[in-house]
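A short write-up of the structure that comes next.
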Amino acid sequence: MQSKDIADVELAVLETSELTAFPCSVQNLRRTSADKTKTPPSLLNPKKQKRRTKQGPCRKLIPEQGLITTKIAKYWHQRYSLFSRYDDGIQMDEEGWFSATPEEIAATHAARASSGTIVIDCFSGVGGNAIQFALRGCHVVAIDIDPQKIGYSINNAKIYGVEDNIDFIVGDFFQLAPFLKADVVFLSPPWGGPSYKKIQNFTLDLLKPRDGYSIFQVAQKITPNIIMFLPRNVDINQVEELCWLSSPPLNFELSWLSSPPLNFEIEESHVQGYTKGITAYFGYTVSGSPGLSKLSEVVTS
């Protein structure tokens with residue numbers, strides 16, 4: 001399905017919402033009891049009674065994205081927090097809707113890398129983080145095993161005018177890693193979909209396509225300067241353990257764990273009052289003085 005102007009999108013949404021078979025809105029595509037008639041069938045005029053047909057999941061046609069189902073409908077109204085230039089033709093697949101890093105959080109990640117440095121985005125998805133690193137002045141290597149996602153990333157990078165600062169690679173990060181060199185590695189491995197929110201204590205073995213320890217060990221062979229974006233309910237104790245996976249231990253800012261103290265910095269990010277994720281910084285991406293224990297919050301509106 002070809003992309004269309006956002007005006008066509010709004011028109012399509014408006015026209016769909018007027019159909020009595022789909023009594024829903026852009027914000028809420030689920031049926032409620034208010035959508036059903038309260039008149040007992042026995043009081044209806046038999047001549048006017050219409051046969052009811054069972055409806056499937058309420059969906060709206062968004063021309064440039066395909067069908068927006070109830071699974072991702074709640075992310076539709078967050079589109080501008082994911083990409084502020086969404087209306088200019090941003091493209092995402094279904095996974096991208098719930099896995100893309102909100103733009104302001106991605107910009108905060110990028111602020112930890114200096115202009116001119118080489119950054120590898122190991123699981124780049126639809127390009128949200130890669131774009132922000134490129135806007136920072138970094139040269140980015142964006143890797144994803146899904147060619148469709150790389151295609152979307154290229155499109156999205158062009159919208160932000162940074163496609164020349166990003167090398168896009170379709171491939172398996174684990175196979176490519178032995179041949180990669182960079183100043184900073186950014187890790188935002190798949191969290192397993194929206195179901196991660198149902199887990200009280202998200203352990204690193206639940207990350208995809210390998211457990212968090214394995215992913216981190218591969219990354220730290222490239223550079224000790226690592227930024228890792230993780231679910232909000234991640235087991236912090238396990239994250240702390242990551243600094244001991246290399247020799248010598250990485251600069252992981254947690255002053256009470258060892259002597260001399262290690263650097264540990266963890267960042268809790270919020271969007272519209274909701275915690276969206278936890279970021280762990282290693283190596284020179286840690287801010288502040290060595291040995292300073294710090295919990296910082298990034299609040300976006």
Can you give the extra length, in nm with one decimal, that the chain gains between D172 and I236 once fully stretched, where that is 0.36 nm per residue apart less the Cα-Cα distance?
20.3 nm
Only counting other Cβ atoms within 10 Å, I'd like D144, D211 sorted with the fewest neighbours first.
D211, D144
Taking 0.36 nm per residue of separation and subtracting the Cα-Cα distance, what length does fully extending W76 through E268 add?
66.8 nm
For a footprinting-style exposure proxy, rank S99, S153, S115, S287 by other Cβ within 10 Å, fewest first.
S115, S287, S99, S153
For S287 paired with D205, estimate the spin-label separation in nm (one decimal), with each label point 7 Å from Cα along the Cα-to-Cβ line.
3.5
Among T275, T223, T117, which comes first, then next, by fewest other beta-carbon atoms within 10 Å?
T275, T117, T223
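Any read-out appearing in this document is the output of simple, stated calculations on the displayed coordinates, not a laboratory observation. Values in this document were obtained by computation on a predicted structure and should not be read as measured data. Glycine gets a Cβ as well: all are built from the backbone with ideal geometry, and neighbour counts include every protein chain shown.
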